[in-house]
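A short worksheet on the structure shown next.
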Amino acid sequence: MNRLNILTFPDPRLRKKAIPITAFDKDLEKKADDMLFTMYEDKGIGLAATQVDIHERLIVIDLSEDRSEPLIIINPSYTVLDDTLEVSKEGCLSIPTFQQEVPRAKEIELTYQDLNGREQKLIADGLLGYCIQHEIDHLNGKLLVDYASSLKRSRIKEKLMKSKDVKNKN
Ligand code: GNR
Ligand code: NI
């Protein structure tokens, strides 16, 4: 398994729209494995392929305490079952040190394909529901900063660009 490099805001590659997956092969399995490994290493609860510069509709999630319940989600779409908007306070591995409150649908029904290309359905609310909505935002090039004020967005942009300068000088 390989640890993949996670893109950091404001990298323009985070804005690319991911395309549907059509080949359910060994190569796809390896991408999913590497993404799970990377997510566990970086202590995230979810990761979208866009964040590791793969612009295909693939996400991985694991909400379990002992990191033993990996979910591999391909070509996801969802319908809203309960459109009450709940406020979810979220972080993102692509925007270190940043947190944002985001309005999310309370309950969704997710339709997706598994690694074998078989269609699956899942009803989700709470953190799982929010996480799925967060990851699908990534596949569409949308980020937590888009829910923030322009002042807050420019502050985090300056901060992360500076910390990148420091890294490049060392
Ligand atoms: O690790 C993460 N935590 C989180 C918390 C609330 C809602 C969504 C998330 S996803 C995030 C990892 C990440 O950046 N995934 O894209
Ligand atoms: Ni994220």
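The values are calculated or read from the model by the stated rules, or taken from the named source; none is laboratory data. Just so we're clear, the structure is a prediction, and the values are computed from it rather than from any experiment. Just the protein is used for accessible areas: all its heavy atoms, side chains included, with ligands, DNA and RNA removed. Shrake-Rupley method; radii C 1.70, N 1.55, O 1.52, S 1.80 Å.
Some values worked out for this structure:
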{"quantity": "Whole-percent carbon and sulfur share, accessible surface of the chain, 1.4 Å", "calculated": "50 percent"}
{"quantity": "Segment residue 87-residue 13, length gained on full extension (0.36 nm per residue, minus Cα span)", "calculated": "23.9 nm"}
{"quantity": "Cα Rg, Dmax (largest Cα-Cα span) when computed across the chain, Å", "calculated": "15.9, 50"}
{"quantity": "Quarter of the Cα convex hull surface for the range 103-159, i.e. its orientation-mean projected area (nm²)", "calculated": "5.2 nm²"}
{"quantity": "Amide H contacts of residue 56 (H built 1.01 Å from N, under 5 Å, at least 5 apart or other chain)", "calculated": "19, 50"}
{"quantity": "Residue-averaged [θ]222 nm for the chain, counting only DSSP H segments that reach four residues, each worth -39500 (n - 2.57)", "calculated": "-10000 deg cm²/dmol"}
{"quantity": "Whole-Hz couplings from phi, Karplus 6.51/-1.76/1.60, listed for the range 48-61; x for Gly and Pro", "calculated": "9, 4, 3, 5, 10, 6, 10, 9, 10, 7, 9, 9, 10, 9"}
